[in-house]
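**Student:** Dropping the structure in here first, questions after.
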Amino acid sequence: MTFIDLTNADASERQGAAQVLLEAFTALGNPTWTTSEAAEAEVTDCVRKERIARAVLSADGRVIAWGGLRSMYGNRTWELHPLVVSPDWQSTGVGSALLTDLEDAARAYDIAAIVLGSDDETRSTTLSTVDFGTTSPLDALSAIAQIPGRPIHPFRFYQRRGYQIVGIIPDASGPGRPDIWMWKKL
Ligand SMILES: CC(C)(COP(=O)(O)OP(=O)(O)OC[C@H]1O[C@@H](n2cnc3c(N)ncnc32)[C@H](O)[C@@H]1OP(=O)(O)O)[C@@H](O)C(=O)NCCC(=O)NCCS
């Protein structure tokens, strides 16, 4: 695996990153990026000079994963957005390695903590069944412990890598589609 700075990458590497975004989210049934144009616009936004964007290349030089960090609270707390691995490479350790690389890059900028929103667009967590009209978000948090086995939700991936749940946004993307906010001190 080779790690590169995506903010300095060439057009073909950026296009490769857009392709990874499109394929990974289409495979999930997640409607956030459904066209090449939308995915390319997202990459363009993430590789602005004031942001951190890192990518992983395969041995033949193709982008197989990438992730970005952007300021949320000055230079102290930055948001991870996005983190994505090509479907062909998922569950092979690439995402973990890239997350470590992004955290190292953040430390180099004296960033103290990372936050991320791990939304549930596909009703993969029991939070998607909670009626926030009658249940308080604090009470609903206990439901996160009972996530069904499939489809896999990334929140556990982050939890095993030191990120803690610090809140939820009920029905963030619509009824039954909450966002789960996670945080890690570097
Ligand atoms: C979630 C994701 C970044 C993990 O990267 P990865 O390279 O597949 O993961 P690794 O091989 O390093 O680690 C394996 C872990 O990822 C989990 N994982 C693998 N594929 C996954 C998927 N499609 N969705 C969620 N988690 C996944 C495995 O269950 C395993 O979890 P564990 O360590 O808790 O047992 C990657 O699967 C991905 O890009 N998924 C689609 C996009 C996405 O959901 N991004 C996160 C948005 S918040």
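What follows is calculated from the coordinates using simple rules that are stated; it is not laboratory data. This one's a predicted model, so the numbers in the text were calculated from it and none came from an experiment. Quick reminder, even Gly has a Cβ in these numbers, built from the backbone with ideal geometry, and neighbours come from all protein chains shown.
**Student:** Which length gain, in nm to one decimal place, applies between residue 72 and residue 2 when the Cα-Cα distance is subtracted from 0.36 nm times their residue separation?
**Tutor:** 22.4 nm
**Student:** Residue 60 label point, 7 Å along Cα→Cβ, cut-off 19 Å on backbone N: hits in the range 1-42?
**Tutor:** 1-3, 12-21, 23-24
**Student:** Still on this structure, I have one more. Specify which residue in the list 108, 64, 125 is farthest towards the positive end of the charge dipole of the chain, using unit charges on the beta carbon of Lys, Arg (+1) and Asp, Glu (-1), about the Cα centre.
**Tutor:** Projecting each Cα onto the dipole axis, the largest value belongs to 108.
**Student:** Report the label-to-label distance for residue 92 and residue 79 in nanometres (one decimal), using points 7 Å from each Cα along the Cα→Cβ vector.
**Tutor:** Taking the two extended label points, one gets 3.1 nm.
**Student:** Can you tell me which of 21, 141, 116 moves the most in a GNM of the chain? Springs connect C-alpha atoms under 10 Å apart.
**Tutor:** 141
**Student:** Right, next: Of 84, 130, 43, which has the largest mean-square fluctuation in a 10 Å C-alpha GNM of the chain?
**Tutor:** Result: 130 has the largest fluctuation of those listed.
**Student:** Run the Debye formula on the Cα coordinates of the chain, all scatterers equal and no solvent, and tell me log10 I(q)/I(0) at q = 0.16, 0.17 1/Å.
**Tutor:** -1.02, -1.14
**Student:** Related question: Under 10 Å, Cα contacts only: if you run a Gaussian network model on the chain, which one of 117, 133, 167 comes out with the highest mean-square fluctuation?
**Tutor:** Among 117, 133, 167, the largest mean-square fluctuation in the Gaussian network model of the chain belongs to 133.
**Student:** Here is a follow-up. Quick check for me: using +1 on Lys/Arg Cβ and -1 on Asp/Glu Cβ, what's the dipole size of the range 23-172 about its Cα centre, in debye to the nearest 20?
**Tutor:** The calculated dipole for the range 23-172 is roughly 420 debye.
**Student:** Turning to a different aspect of this structure: Stretch residue 49-residue 156 to full length: gain in nm at 0.36 nm per residue minus the Cα-Cα span?
**Tutor:** 35.4 nm
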